Amino acid sequence: MDFAPSASTQALLARVRAFVREHVMPLEAGLPRGFWALSPELDHVRARVREAGMWLPQVPREHGGMGLSLLDHGLLSEELGRTPLGHYAFGCQAPDAGNLELLQEFGTPEQQASFLRPLLDGKIRSAFAMTEPEHAGSNPVWMSTRAVLDGDAWVIDGHKWFTTAVDGAAFAIVMAITDPDAAAHERASMILVPTDTPGFEHVRNIPIMGEAGEGWMSHGEVRFHGCRVPAGNLLGARGRGFALAQARLGPGRIHHCMRWLGICERSFDAMCQRAITRELAPGKFLGEQQTVQEWIAESRAEIDAARLLVLRTAWEIDRNGAKAARDLIASIKFHTAGVMLRVVDRALQVHGAAGMTDDVVISHFYRHERGARIYDGPDEVHKSALAKRILAGYGASRS
Ligand SMILES: Cc1cc2nc3c(=O)[nH]c(=O)nc-3n(C[C@H](O)[C@H](O)[C@H](O)COP(=O)(O)OP(=O)(O)OC[C@H]3O[C@@H](n4cnc5c(N)ncnc54)[C@H](O)[C@@H]3O)c2cc1C
């Protein structure tokens, strides 16, 4: 295995790093003002990204992107992850990145014209609505939202939450039960639902750790009251919702994990800077304390080890597909999330009270990234699935 980036990738990474430092990080000071207030500046930066030929790094060239491999996009994702605004600036932010992939792979030409094209152009945003407050999201086949075919339309009734970025999104990909009598994994389908459809109710942005957020930086609660969309809005085949969801998650994990490593590196930089500049007494620096030195050393080793595991996973997916890499995919999800949260916590601690203020980006990471151990499958679910497969290899029966 050779993870050394090619000369062209190295040049791209250097370009992206410089761009992020010069044009994106300065916008962070505006984060407390909220997404809508920041939007004009973000749009301006997005236009510059396009001019620089770096828009949609993960999207195939035929759809107007850079066509990077998963491995190369992973490396770029780390650079972008150093700031909460990096992925948005380059058009590869969640949840749109996953939705783009679904529409590219499974969308009809009509769906691609109506939903994919404006999404690729950054003219609209989208959301993905699967989790329901009434049911355990870690058991994804258990949901109540129903879609019933009535003539030439799907009529949807149900309740979702944690629909990230639904505030201001033009449409949501909604997971709904269409075939209640089918086998558990064939009951649900994905349906494209414009948010201005009568019966689509954006109830609220859910307050999270003291902040409800807005726009792309929020998680919404949504209700569907007899929400009627054309039958042609079915995405992929009927009853294939879970299969599509799986396809969406494989590469998505690499994107998330590399973004988390970017957060690690930014926090690590801040921790080291603080260690060499903060004096505990005249001439006596924080970095001279053994505990701080241990945090720095542990963090360095943990970040580097996590990166190698993620790159190996991307390499395996690029070569043999997501199914062959599923144990690795499970491992990187919980392992990298854990590393990130430990590093962010240490960086915050080293900053003392200043670490809790909005004057440093660490507090933003601390508030907004705790969910990493929960979304896309909680730690415990991945660990349990991985351990069961390992034990099956030792002859244990699967339960
Ligand atoms: C920041 C954030 C963004 C999100 N964005 C979206 C989105 O855009 N669209 C969307 O549809 N959903 C989204 N979600 C929802 C997310 O997918 C669910 O929260 C997740 O699937 C877990 O479901 P749950 O919250 O219902 O927890 P539950 O399923 O109720 O689980 C609660 C806890 O029980 C434990 N647990 C669960 N199963 C097991 C097990 N098998 N073994 C041991 N312990 C277990 C775990 O500790 C888990 O944290 C988001 C969540 C967060 C936090």
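Taken together, the values in this text are just the output of simple stated rules run on the coordinates, not laboratory data. Treat the numbers as computed from the prediction; the structure is a model and nothing was measured.
Taking the inverse of the average 1/r across all pairs of different Cα atoms in segment 7-93, what Kirkwood radius in Å do you get?
13.0 Å
Using amide H atoms built in the peptide plane, which far-off residues or other-chain residues are under 5 Å from ALA129 H to H?
ILE173, VAL174, MET175
Could you give log10 I(q)/I(0) at q = 0.12, 0.14 Å⁻¹ for segment 318-399, computed by the Debye formula over C-alpha point scatterers of equal weight, without solvent?
Those come out to -0.50, -0.61, one per q.
Quick check: Cα centre of segment 237-267 to Cα centre of segment 331-385, how many Å?
First find each Cα centre; the distance between them is then 17 Å.
Once the Cα gyration tensor of segment 276-357 is diagonalised, what are the square roots of 5 times its eigenvalues, in whole Å and ordered largest first, as equivalent ellipsoid semi-axes?
36, 12, 8
Search the structure for amide H atoms under 5 Å from the amide H of PHE285, placed 1.01 Å from N in the peptide plane, and list their residues when 5 or more places away or on another chain.
LEU280
Hey, what do the phi angles of segment 367-382 turn into as Karplus ³J(HN,Hα) couplings, whole Hz, using 6.51/-1.76/1.60 and θ = phi - 60°, x for Gly and Pro?
Rounded to whole hertz, the list is 6, 8, 9, 4, x, 4, 7, 10, 6, 6, x, x, 2, 4, 5, 5.
Note the full-extension length gain between ALA305 and MET209 as 0.36 nm times their separation in residues minus their Cα-Cα distance, in nm to one decimal.
31.5 nm
Throw me the Rg/Rh for segment 126-235, computed over C-alpha atoms with Kirkwood Rh, two decimals.
Result: Rg/Rh = 0.97.
Pairs of alpha-carbon atoms within less than 8 angstrom and 6+ residues apart define the contacts here; what relative contact order does the chain have, in percent?
14 percent
Largest first and in whole Å, give the semi-axes of the chain's equivalent ellipsoid, each being the square root of 5 times a Cα gyration tensor eigenvalue.
36, 25, 22
Which ³J(HN,Hα) values, rounded to whole Hz and listed in residue order, are derived for segment 117-125 from phi using the Karplus coefficients 6.51, -1.76 and 1.60 in 6.51 cos²θ - 1.76 cosθ + 1.60 with θ = phi - 60°, glycine and proline given as x?
So the Karplus estimates, Gly and Pro as x, are 4, x, 5, 4, 6, x, 7, 9, 10 Hz.
Quick one: Karplus J couplings for segment 54-59, per residue in order, coefficients 6.51, -1.76, 1.60, θ = phi - 60°, nearest Hz, x for Gly and Pro?
Using θ = phi - 60°, the values come out as 10, 6, 6, x, 8, 8 Hz.
Taking the Cα atoms only, what angle lies between the long axis of helix 70-81 and the longest principal axis of the chain, rounded to 10 degrees?
Its long axis makes an angle of about 60 degrees.
Taking Cα atoms, how many degrees apart are the long axis of helix 326-351 and the longest axis of the chain, rounded to 10 and kept between 0 and 90?
Tilt of helix 326-351: around 40 degrees.
With N denoting the number of residues in segment 67-170, provide Rg(C-alpha) divided by 2.2 N^0.38 Å, to two decimal places.
So the Cα radius of gyration is 1.25 times the expected 2.2 N^0.38 Å.
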